[in-house]
Amino acid sequence: MLNGCAGKTHQAIEDIAIMRSLPNMVVLAPADTYEVDQILRFAHEYEGPVYIRLARDPVAQVFTEGYRFRLGKAVRIKEGQDVTIISTGSQTGRALQAAHDLDAEGISASVLHMPSIKPLDEEAIVEAARSTGAIVTAEDHSVLGGLGGAVAEVVVEHCPVPMLRVGVQDKNLQSGANPALLDKYELSSGHVADRVKRLLNRKRKETGVK
């Protein structure tokens, strides 16, 4: 995750890829404070290794006090018909903002939050691919081996559809304030929305459906 002015030594954009490759490792990335509370309670009771991915900077509130985390289950936080944005961790708040911004442009985007990256809710991913026919993943992690890679593995095996990944490209990061870094590395809500529009244009060309 990006950690702004804490410096490059505090940035981890390859941890999901590393951790999800370890046998029997549970990999979790909460979206907000309510989910952090739920996931910490789960990890305390769980018998086995659990990796929890947390960001330092404040994040948008996504859930309410009554929310309950379930291992291996995605959470649909917005309905939509044109495309599904699958996000994880602190990027979910930005994905939700992007979806609301797209509503104003007549684009209906569903948002599927994936707090559990391993185990992964494959059924929810396949359902999203079938229902909207297009998927954009969003994460503050490298595009190599993270959520986008995990989702792509499921999509290509079970329901191939046009797909794009929002994440850090194969490059080293700089230090700076988080908002500036999110914009520089194309992770902000505006960049998520732009990637959705790019994918929908590709989908129309490939399918001929307007």
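The values are calculated or read from the model by the stated rules, or taken from the named source; none is laboratory data. Here the structure is a predicted model, which is why all the values come from computation and not from measurement. Please note: Cβ atoms are built from the backbone with ideal geometry, for glycine as well, and neighbour counts cover all protein chains shown. In case anyone asks, the SASA skips ligands and DNA or RNA and just uses the protein heavy atoms, side chains included. Shrake-Rupley method; radii C 1.70, N 1.55, O 1.52, S 1.80 Å.
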### Summary
Residue count, the range 128-144, condition open to solvent by 50 Å² or more (accessible area, probe 1.4 Å) and either on the phi > 0 side of the Ramachandran plot or out of contact with any Cys (no Cβ under 9 Å at 6 or more places or on another chain) (or both), comes to 2
### Task
Please specify each residue of the range 16-49 satisfying the condition of being touching a His at 6+ places or on another chain (Cβ under 9 Å) and more than 22 Å from Leu181 (Cβ to Cβ).
Glu35
### Query
Would you pick out the residues in the range 37-49 that are buried (at least 18 other Cβ atoms within 10 Å of the Cβ) and aliphatic (A, V, I, L, M)?
Ile39
### Filtered residue count, the range 64-95, keeping only those that are hydrophobic (A, V, I, L, M, F, W, C) and surrounded by 23 or more Cβ atoms within 10 Å (Cβ to Cβ)
4
### Task
Go through (1) among the hydrophobic types (A, V, I, L, M, F, W, C); (2) open to solvent by less than 20 Å² (accessible area, probe 1.4 Å); (3) more than 17 Å from Ala31 (Cβ to Cβ) one by one and return the number of the condition Ile117 breaks.
(3)
### Message
Going residue by residue through the range 50-64, is there one that turns out to be in contact (Cβ under 8 Å) with a residue 60 or more places away in the chain and among the acidic types (Asp, Glu)?
### Response
yes
### Task
Search the range 119-131 for residues that are touching a residue at least 40 places away in the same chain (Cβ under 8 Å) and pair each with any residue that is in a helix (DSSP H, G or I) when their beta-carbon atoms are under 6 Å apart and the residues are at least 6 apart or on different chains.
Leu120/Ala150; Ile125/Val151; Ile125/Val154; Ala129/Val155
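Per-residue answers, yes or no, for (1) assigned to a loop (DSSP other than H, G, I, E, B); (2) crowded, with 20+ Cβ neighbours inside 10 Å; (3) in contact (Cβ under 8 Å) with a residue 12 or more places away in the chain:
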| residue | (1), (2), (3) |
| --- | --- |
| Val151 | no, yes, yes |
| Arg165 | no, yes, yes |
| Asp170 | yes, no, yes |
| Pro179 | no, no, no |
| Glu186 | yes, no, yes |
| His191 | no, no, yes |
| Arg202 | no, no, yes |
